[in-house]
Amino acid sequence: RPPEDEEEAEVGWQEKLFSQFEVDLYLNESACQTPLDWQYHEEIQKLEKAGGRKNCRIFTYTDHDRFTNLEELSQKVTDLDHEVPSYLVERMANVRRRRQDRRPVEASSLKTKIITWEPSEEFIKNNHVINTPVQTMYIMGDLGPYGKLGHREYENVLCTIKVDGNGVITVKPDFTGTKGAYRIELDGEKREVWEYTIENASAQVQPEEEEREQRVFRDLYGRHRDYLSGLVGSDFEMPLPGTLRLFINGEIVSAQGYEYDNLYVHFFLELPNQWSSSPFQQLSGVTQTCATKTVGWDNVAYFCYPFTVEMFYTQEDEDSLPQWPVLYFEVLSLDFWQRYRVEGYGSLVLPASPGVHMLTIPTWRPVELGTVAEMRRFFIGGSPELEDLTYIRIPSTFKGKHLSRFGFRTETTGSVTFRLYCLQQSKAFLEGSALRQRMQTVLDRLGGFSQQSSVYDVLEAFQRARRRMQEARESLPQDIINTSASTV
């Protein structure tokens, strides 16, 4: 590369370095219209008398230059070639994100007037769009062939520096540092490739100033921490010993795969023995009616219905395992004539481990034999329903050991997706390490997250191993068993 193509320049904040195009433009008095143009005209004349500009290819556009306005207006939101700007994009494009003088008259009138019938354009800009004051500076490069400098088509943005009203400095692209040089490939016959690096040439902070700054930051963060602690407080309500608090932020996300449109979900929570909740706690709910949209092969209704549940488990027997609450729900559809149809029943056991759980539960509905029931369902609505929704799993009135559903005809329907955020609180969690060594009650052994989620699996594995041992013992001849027993 010839030496005239290599250049290094140290640029300060809002420092103006003129390009060859600007020198040729502003030397002509007929091209100067604004006060800024005349100021540049005088500065360029002084530069010419002093021997010309020192920079060659590297120049800058400051915050007040015409290029900065046009660059902000021409920025695209997406990468489409034929992008059609929306109303918001057009309104935001007309907003100059600079330091603007707020009018105290409009601010004071806003307190007295609820509606401003004739808002000014400045009032609209300041109140209806996000308008953070920003100062911008562009470091440019004239990458034209040697001897042909000053053509606008060869100008390229090398670096954009922005400083907002909060003092945040944005450099794009970032300082090169240990990374390789940035590359710009020009379109044309020669396909020239230019490389450039960006380095921070600011003076290093003195150790005394840096330490003083760190001390100020520590004081600021300490005051902010004390402020937050004062808002939150330190008196957290802890459950009693042997009590577990279960808090769930749930969301019925969607329902998909159902026959009819305009779906809604009715749900309620059943608390087993030893579980309780606040008297003001809502344990049931109904979502809004939601129309479906086609996604792939299914018709999906997006509810995004949130609900919150808080429950308490009080352990009475140390050797018993807790039964987790069950969420029962039914999906129904409602048509234009206010006819409703049962689309499906389902249930889910609340997760025993804390964290985020995304669950998709399949549903079913009862059916009758013959076409008459389906015609009645189609024309006048209605369908076989469950009087007791707990029959979805185990009826609440069932007291026996064997539950038979023989002869009960059902049909598989769609599914419902839940998102559950589970939190658990117990004193056993605070003392988990010591209690695991002393092997306390079952609830305490459930304190660890991993132990709590795997305790049922351990018990089932133990039962399977015990059954296999009994089957192996029964298959052995009796004389071997008696001999081994007498030997022992």
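Some points to look at:
- Look at the Cα gyration tensor of the stretch 273-366: its axes a ≥ b ≥ c give a/c of at least 1.5 with a/b over b/c, and that counts as prolate.
- Accessible surface calculations at 1.4 Å, restricted to protein heavy atoms, place the stretch 201-282 at 71 Å² per residue.
- The stretch 300-344: translational diffusion in µm²/s, Stokes-Einstein, Kirkwood Rh over Cα pairs, 25 °C, 0.890 mPa s: 164 µm²/s
- Surface composition of the stretch 159-317: carbon and sulfur atoms hold 51% of the protein heavy-atom accessible area at a 1.4 Å probe.
- For the stretch 267-312: span of alpha carbons on each principal axis (Å, largest first): 45, 18, 11
- Using the Cβ of residue 294 as centre and a radius below 15 Å, the other residues enclosed give a net charge of -2, where K and R count +1 and D and E count -1.
- Rg over Rh for the stretch 142-290 works out to 1.26, both radii taken from alpha-carbon positions and Rh defined as the Kirkwood radius.
- Taking Lys and Arg as +1 and Asp and Glu as -1, the other residues whose beta-carbon sits under 10 Å from that of residue 382 total +3.
- Checking the cross-link pairs 49/148; 49/190; 16/49; 46/172 against a 25 Å limit on the alpha carbon distance flags 49/190; 46/172 as lying beyond it.
- More than 21 angstrom apart: percent of Cα pairs within the stretch 337-403: 47 percent
The values are calculated or read from the model by the stated rules, or taken from the named source; none is laboratory data. This one's a predicted model, so the numbers in the text were calculated from it and none came from an experiment. Backbone-built Cβ (ideal geometry, glycine too); neighbour counts: all protein chains shown. The area values use the complete protein model at the heavy-atom level, side chains included, leaving out ligands, DNA and RNA. Shrake-Rupley method; radii C 1.70, N 1.55, O 1.52, S 1.80 Å.
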